[in-house]
Amino acid sequence: MFRLQSSKVLAVDMTGDAVKAKNGSMVAYDGEMAFKKLSGGGEGIRGMVTRRLTGEQMTLMEVKGRGTCWFADRASEINLVSIQGDKLYVESSNLLATDGGLRTGTEFTGLRGASQGNGLFTTTVEGHGQAAIMSDGPAVVLRVSAQYPLTVDPGAYVAHQGNLRQSFQSGVTFRTLLGEGGGEAFQMRFEGDGLVYVQPSERNTIAGDV
C-alpha cells in the first residue's frame, strides 16, 4: 500500500480504504479521493482532552478513495516503518502518514520534550500496518541491545520503536551555561531492545550549545 516514488515522495495505492497524512502534504492524486481534516492527539474524548492539555499541534487529514495519492513535505527524506503490534514514538513534525487502521495518540515523555523546546509529549502510532516518517537528510536506523545502549542528541532524534527504556541525561556545567563549554547540554539514552531513527541534521533546541 505504501511505496516510495523517490526518497522524498510517498505513493499510496488505495482501493477504497483510507490513510491518515499530515495536513497539506498531498502533492498529487489520480482516481477518486475524498479528504477530511482530523485533529492530532488521538481519537475520541481522551484525544480531545490530551490536545487541550498538551497543546499538541499535529494536524492530520484522512484521505479515502480509489487510485494513487502522492505525499511529500518540504523535500524531507521519507522512511517507511512497519508496525506489527508494537508502538512507534515519533516527533509530530516528523510523521507524514499512517495506515488508516493505525491508532495515533500522544504520550508524556518527561524532560526530553522540554529539552527540545516542543513540549513534554510525543506522538505515538500503534497497531498493525505501515507509517511514513520524515527526516532532514537520510535517516540512520540504529539498533539498541542490552549490551549496547544508545545515547542520542535530542536535535537529531526522529523516532524509536521496540522494547526500549528512555531516560534523560544532563551534561550541563557552569562552563556550558556561561557559554565557555562545547558539546551537548542534554542527551537522550535508550536501553533495551529496539530501533532508534536519527537524522544527520540537528533541529534548533533549547538544550544544544547554550
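Summary table
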{"read-out": "Subset of segment 162-207 [outside any strand (DSSP E or B), at pLDDT 90 or above and open to solvent by 60 Å² or more (accessible area, probe 1.4 Å)]", "value": "200"}
{"read-out": "Residue within segment 100-117 that is of a type outside the set (A, V, I, L, M), out of contact with any Ser or Thr (no Cβ under 9 Å at 6 or more places or on another chain) and at pLDDT below 95 present", "value": "yes"}
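The values are calculated or read from the model by the stated rules, or taken from the named source; none is laboratory data. Keep in mind it's a predicted model, so treat the numbers as computed, not measured. Cβ coordinates were reconstructed from backbone atoms using ideal geometry, including for glycine residues, and neighbour counts include every protein chain displayed. The protein model used for the area step is the full one, side chains on, heavy atoms only, and it has no ligands, DNA or RNA in it. Shrake-Rupley method; radii C 1.70, N 1.55, O 1.52, S 1.80 Å.
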